[in-house]
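Each remark here refers to the structure printed beneath this line.
Every number in this text was worked out from the coordinates using simple rules, so none of it is lab data. In this text, all values refer to a predicted model and were calculated from it rather than measured experimentally. Note: ideal-geometry Cβ built from the backbone for every residue, glycine included; neighbour counts use all protein chains shown.
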Ligand SMILES: N[C@@H](CCC(=O)N[C@@H](CS)C(=O)NCC(=O)O)C(=O)O
């Protein structure tokens, strides 16, 4: 049995959820405590125990025949594990060079693109500042780089891959924080539309957007369709004891 610890707005956790769904790997999802200031406190005891960095996502696999269950963390490491566990459908490209290139793109989504977005988290009240403008320019340059990659392919690295999953999720956060994708990168806009329609992506991104809306926080326009037909949560009335 696989158990994935994530958070309701965890972009790194969302990557792993999507990948497991794409592969048809069953898992139990545990949403750890997450407060209105976006802090993961109090830390879930399993996350604190397993990950010295105290971050989600964390994965436990009790089906593995080791001395005890397998306990691992870090979204990219979890991608590798899922791929080994269930090679089909392959989400790294086949062949040494294409695979290395896909891994680079997945890393760039997390560690080159997303740091610009993280800068914007603290600048939401000051989007005209030089720092915010530089972060938005960094995102725009990355969008242009991906636009060039999409000239010969429908996906970022040839076929659909972990690179598409990682960048799709990171871009959702960029959009929320004001680094908007525009018609300056039409192929990338069309790519986002295609990826956003995948059932595995919908299954993860829809509840995330519904969580944001439930907290009166902004949902990017291109994701607002996930808020339609949501049944409002009504606390259950205690059942009266039959007389
Ligand atoms: N490189 C890690 C990053 C994990 C990460 O930053 N997780 C966030 C949630 S999306 C977290 O747990 N933050 C809480 C903290 O850093 O204290 C990965 O890919 O899993």
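Taking neighbour counts of Cβ atoms within 10 Å as a proxy for exposure, in what order, fewest first, do 183, 3 appear?
183, 3
If I take every Cα pair under 8 Å that is 6 or more residues apart in the stretch 68-213, average their sequence separation and divide by the length, what percent do I get for the relative contact order?
Once normalised by length, the contact order is 25 percent.
Considering only the chain, what is the antiparallel percent among its DSSP beta bridges, to the nearest 5?
70
What does the highest-first list of 220-227, 170-177 look like by mean Cβ count within 10 Å?
170-177, 220-227
Quote to one decimal, in nm, the extra length available between residue 128 and residue 228 on full extension: 0.36 nm per residue of separation minus the C-alpha distance between them.
32.7 nm
Taking the chain as a Gaussian network, where each spring joins two C-alpha atoms under 10 Å apart, which residue of 11, 208, 189 fluctuates the most?
Largest GNM mean-square fluctuation: 189.
Divide by every residue of the chain the summed helix terms, -39500 (n - 2.57) for each DSSP H run of at least 4, and state the resulting mean residue ellipticity at 222 nm, rounded to the nearest 500 deg cm²/dmol.
-14500 deg cm²/dmol
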